[in-house]
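Reading through the C-alpha cells given below for one structure.
The values are calculated or read from the model by the stated rules, or taken from the named source; none is laboratory data. Computed from a prediction, not measured in an experiment: that's the story for all the values here. So basically every Cβ, Gly included, is an ideal-geometry build from the backbone, and we count neighbours across all protein chains shown.
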Amino acid sequence: MPAIDLSGATSDSHLVSLWLAARPESTRRVYEPVVLEFLATLAGREGGLKTLTAAEVIEWAETLVGEPATRARKVSTVKSLLSFAWRTGYCIYNVGRVLLGVPIPSKVSERILEEPEVKSLMAGASEGRDRAFVRLMYATGARVSELCKLRWVDMAQPGRVSVVGKGSKTRTLVVPQKILDEVFALKPAGAALTDYVFTSKRSPGRALDPRDAREIIYRARDAAGMTKKVCCHALRHSHATHSLDRGCKIHVLQQSLGHSNISTTSIYLHVRPNQGSAQFLDL
C-alpha cells in the first residue's frame, strides 16, 4: 500500500466521488445514500475519515436498524469505501476491517415460484413488450438491469443473447428460439443494431428503466390473481431452481447467472424446504 496519499482527493466527499466513479449507475444509486449518511455522522469532528477510529466505526454499526439485509448492505458499503481510502493512501489505516458482516437469513426459498406460477405470471403479462420481457427474464435468468440494457446487436447470434453483467463482464446465454422470436417481433422496421430492445413507452427510444420493469412484473402478478409476493429477482431464482430440478449442471448454471463464485450458485442446491436426504433412504 502507498506510504503517501495517492488518491488525489481533496476532501471526504471528493474521495466518495472517486470511489463511485467507475461503478454502474444502478450501483451508485444504492451506495451513495449510504456513504453520505455515514459521512454525516462524522460532521463536526476534526479530520473526517482520515482520523476515524475503530471504536467510532463499531459504534456507527451498532446504531444501524432495520432488516438484516439492509444493515448488511450498509456495513459492506462502508467497508468498501474505507478499504478504497486505505488502498489509495487517503487514510493511513483501514479501520473498516473491524466491521463484521451482518448474518442474513436466507429467504431464497420463499421467493421461488413453482412452474405453474411462472406460467400464470407470463399469461398475466400484457401481450407484446411486457410478455416478451417476462418470458425472456425467466428463460435467461438474467438480472433485470441486464435485460433493460439489451440492444439488438446483443441478439445477433442465432439462439444466443449477450448481456453485460456486474463488473462490465459480458456473457452469452443460450435461449430457446421461440422466446427469441417473440422478442424479435417487437423490433420496429428500420431499427438500428444499437437501439434498445425493450424501450420505455413514456420516452420512446430510451431503455426500459428497472423501476418500469418491476411494474411490468407487478401488473402481470395482479392480472394473474397471484397473492404471493413477486419481484423481478423471483424469476431469476425460479430459473435457477427449475434448471437444477431438471438436471442442469451447477457449473452451467453458474455461467448463465454470471456468478463469479460457484458458492453463490450453490445456494440453489438446497433452497427447497420440503426436500432432504432422508427422502432417498429406504426406511
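Every test in (1) buried (at least 17 other Cβ atoms within 10 Å of the Cβ); (2) more than 20 Å from Ile267 (Cβ to Cβ) is passed by Pro116 save one, and that test is (1). Do we find a residue being out of contact with any strand residue (DSSP E or B) (no Cβ under 8 Å at 6 or more places or on another chain), under 26 Å from Val164 (Cα atoms) and either assigned by TED's automatic domain parsing to the domain that holds Ser263 or in contact (Cβ under 8 Å) with a residue 40 or more places away in the chain (or both) anywhere in the range 82-95? For the range 82-95, residues out of contact with any strand residue (DSSP E or B) (no Cβ under 8 Å at 6 or more places or on another chain), under 26 Å from Val164 (Cα atoms) and either assigned by TED's automatic domain parsing to the domain that holds Ser263 or in contact (Cβ under 8 Å) with a residue 40 or more places away in the chain (or both): present. Which of the residues belonging to the range 158-174 are surrounded by 14 or more Cβ atoms within 10 Å (Cβ to Cβ) and in a loop (DSSP other than H, G, I, E, B)? Correct list: Gly165 only.
Inside the range 38-50, residues that are out of contact with any Gly (no Cβ under 6 Å at 6 or more places or on another chain), surrounded by 14 or more Cβ atoms within 10 Å (Cβ to Cβ) and of a type outside the set (Phe, Trp, Tyr) make up a count of 4. On inspection, Ser26 does not qualify as modelled with pLDDT of 90 or more and outside the structural domain of His233 (by TED's automatic domain parsing).
The set of residues in the range 78-93 being surrounded by fewer than 20 Cβ atoms within 10 Å (Cβ to Cβ), at negative phi and either among the hydroxyl-bearing types (Ser, Thr, Tyr) or not in a helix (DSSP H, G or I) (or both) consists of Ser80, Ser83, Thr88, Ile92, Tyr93. Just a yes or no: is a residue in the range 160-167 without any contact (Cβ under 8 Å) to a residue 24 or more places away in the chain, of a type in the set (Val, Ile, Thr) and in contact with a helix residue (DSSP H, G or I) (Cβ under 9 Å, 6 or more places away or on another chain)? Yes: the range 160-167 contains one or more residues that are without any contact (Cβ under 8 Å) to a residue 24 or more places away in the chain, of a type in the set (Val, Ile, Thr) and in contact with a helix residue (DSSP H, G or I) (Cβ under 9 Å, 6 or more places away or on another chain). If you take the residues in the range 24-37 that are β-branched (Val, Ile, Thr) and touching a residue at least 12 places away in the same chain (Cβ under 8 Å), which one is surrounded by the most Cβ atoms within 10 Å (Cβ to Cβ)? Across the range 24-37, the extreme among qualifying residues is Val35.
Determine whether Glu127 is assigned by TED's automatic domain parsing to the domain that holds Gly205, part of a helix (DSSP H, G or I) and charged (D, E, K, R). In short, no. Using the structure shown, decide if Gly96 is over 30 Å from Leu269 (Cα atoms), of a type in the set (Gly, Ala, Ser) and buried (at least 16 other Cβ atoms within 10 Å of the Cβ). Spelling it out, Gly96 is indeed over 30 Å from Leu269 (Cα atoms), of a type in the set (Gly, Ala, Ser) and buried (at least 16 other Cβ atoms within 10 Å of the Cβ).
Residue-wise test of (1) closer than 28 Å to Pro158 by Cβ; (2) more than 21 Å from the chain's Cα centre (by Cα); (3) assigned to a helix (DSSP H, G or I).
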| residue | (1), (2), (3) |
| --- | --- |
| Asp181 | yes, yes, yes |
| Leu186 | yes, yes, no |
| Ala191 | yes, yes, no |
| Ser203 | no, yes, no |
| Thr227 | no, yes, no |
| Arg236 | yes, no, yes |
| His242 | yes, no, yes |
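Of all the listed residues (His233, His242), the sole one being in contact (Cβ under 8 Å) with a residue 24 or more places away in the chain, crowded, with 17+ Cβ neighbours inside 10 Å and within 16 Å of Ile267 (Cα to Cα) is His242.
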